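See below for the structure under consideration.
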Amino acid sequence: MGEFDLIERFFANSAKRPDVVLGIGDDAALITPPENHQLVITTDTLVEGVHFFADIPPAALGHKSLAVNLSDLAAMGAEPRWVTLAITLPSARMEWLEQFCQGFFELAEYYNVTLVGGDTTRGPLSITVTAHGVIPMEQALTRHQAQVGDWVYVTGSLGGSALALRHLQGQQRLSSEILEVLLQRHYYPQPRVLSGYGLRGVASSCIDLSDGLWADLGHVAKASGCSAKIQVNQLPIHPQVKLQCQNDDAIALALCGGEDYELCFTVPEAMKGSLDVALSYSGIEHCCVGQMIAGQGPVELWQGEQPYTCCHLQGWDHFS
């Protein structure tokens, strides 16, 4: 199958939003953004051998390649609308592409997202998605507006994806039943889009947890000109991580494991009372894990009234 036949069969006939004037098939797409909104744009690349193993299920790769971008939009409080997909393939394997598209388009349909263009190339397997969303003027969540005294929250649970990755790397053996549960966290992350909507006007800052809570909260602190402290006893560690790991190891996975794709956000004291109502319709639990503090240093770890030392403190960095 040639390049243009491939595009026509797998990508050109996806569902189209009414605000897409011209989609796949021309040199560029035409879209109509809503009035009094800002565009929110993000890009992520997944490369075989770096972000995923060669034996990842194609449907999982399709889902995850879109989900990680929608998670970035969720952290901005944005509504996802349009995406482009640039995919580099060693060969055009029909069964693989069908499964990849199933995972990709099921998630796209769930969030009413339209694929409006992209590129197909032959080479080592990699996927680049650019996601476009919209948000009402002046309502975007950012990293740089946290204030000293704001409370730090996270959605969902932490560490499950990292423990699944340990199994895939051969570092820790899990039973098939437990692995099946944790691979859902690793292969099929769920972007917290609805939670992002609810945080508009409530949270002072927000970030999605891709590199680990310790590192990602550090990005918020640095951008906001302050620091933060985390109470490790308050971390929402995934239940299976608690069962399969020693306490300090479970804490390390929750802090630095990465690829949780939950939201970490800060809330001023005056808005704490509004938070439960704001997030009630998202169906996702949230909990307070710390507070923003004065200073310029790295995020501090505490266990009650005592400093906590973790020997694994490093977030994901491609070039470290």
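Computed from the coordinates by the stated procedures, all read-outs in this text should not be read as laboratory data. Small disclaimer: the values here were computed from a predicted structure and weren't measured. Here Cβ is always computed from backbone atoms with ideal geometry, including for glycine, and neighbour counts include all displayed protein chains.
Annotations for the structure displayed:
- Peptides 120-129, 261-270 ranked from most to least packed by the mean count of surrounding Cβ atoms within 10 Å: 261-270, 120-129.
- R0 of 22 Å, Cβ-Cβ distance residue 110-residue 26: FRET efficiency to nearest 0.05: 0.25
- Rounded to whole Hz, the Karplus (6.51, -1.76, 1.60) HN-Hα couplings of segment 66-80, x for glycine and proline: 7, 4, 5, 6, 5, 5, 5, 5, 4, 5, 8, x, 8, 8, x
- Three-way shape label, segment 32-95, alpha-carbon gyration tensor, a/c 1.5: prolate
- Taking all Cα pairs closer than 8 Å and separated by 6 or more residues, the relative contact order of segment 69-144 comes to 55 percent.
- Cα-based shape type of segment 1-128, given that a ≥ b ≥ c are square roots of the gyration tensor eigenvalues and the cut on a/c is 1.5: oblate
- CD proxy at 222 nm, helix term only [per DSSP H run n ≥ 4: -39500 (n - 2.57); per residue of the chain; nearest 500]: -10000 deg cm²/dmol
- Each of residue 176 and residue 194 was given a label point 7 Å from its Cα along the Cα-to-Cβ line. The distance between the two points is 3.3 nm.
- The shape of segment 234-296 comes out oblate: with a ≥ b ≥ c from the C-alpha gyration tensor, a/c is at least 1.5 while a/b does not beat b/c.
- Whole-number percent relative contact order across the chain, with pairs defined as alpha carbons under 8 Å at least 6 apart: 22
- Long-range Cα-Cα pairs in the chain (distance over 39 Å), rounded percent: 14
- The distance between label points at residue 47 and residue 169 comes to 1.8 nm (points 7 Å beyond Cα on the Cα→Cβ vector).
- Stretching the chain fully between residue 280 and residue 242 yields a gain of 11.0 nm (0.36 nm per residue, less the alpha carbon separation).
- The trypsin sites (Lys or Arg not before Pro) of segment 173-272 that meet both conditions, a loop assignment by DSSP and at most 15 other Cβ atoms within 10 Å of the site Cβ, are 173.
- Neighbourhood net charge (12 Å Cβ-Cβ; Lys/Arg +1, Asp/Glu -1) for residue 94: -1
- Only Cα pairs under 8 Å and 6+ residues apart enter the sum, and on that basis the relative contact order of segment 151-307 stands at 44 percent.
- Table column - 3J(HN,Hα) (Hz), segment 192-198, Karplus curve with 6.51, -1.76, 1.60, x for Gly and Pro: 8, 4, 5, 5, x, 4, x
- Each peptide among 55-66, 158-169, 91-102 gets the average number of other Cβ atoms lying within 10 Å of its residues, and from highest to lowest they stand as 158-169, 55-66, 91-102.
- Anchor residue 64: lysines whose Cα lies under 30 Å away (excluding residues fewer than 8 positions away in-chain): 16, 222, 242
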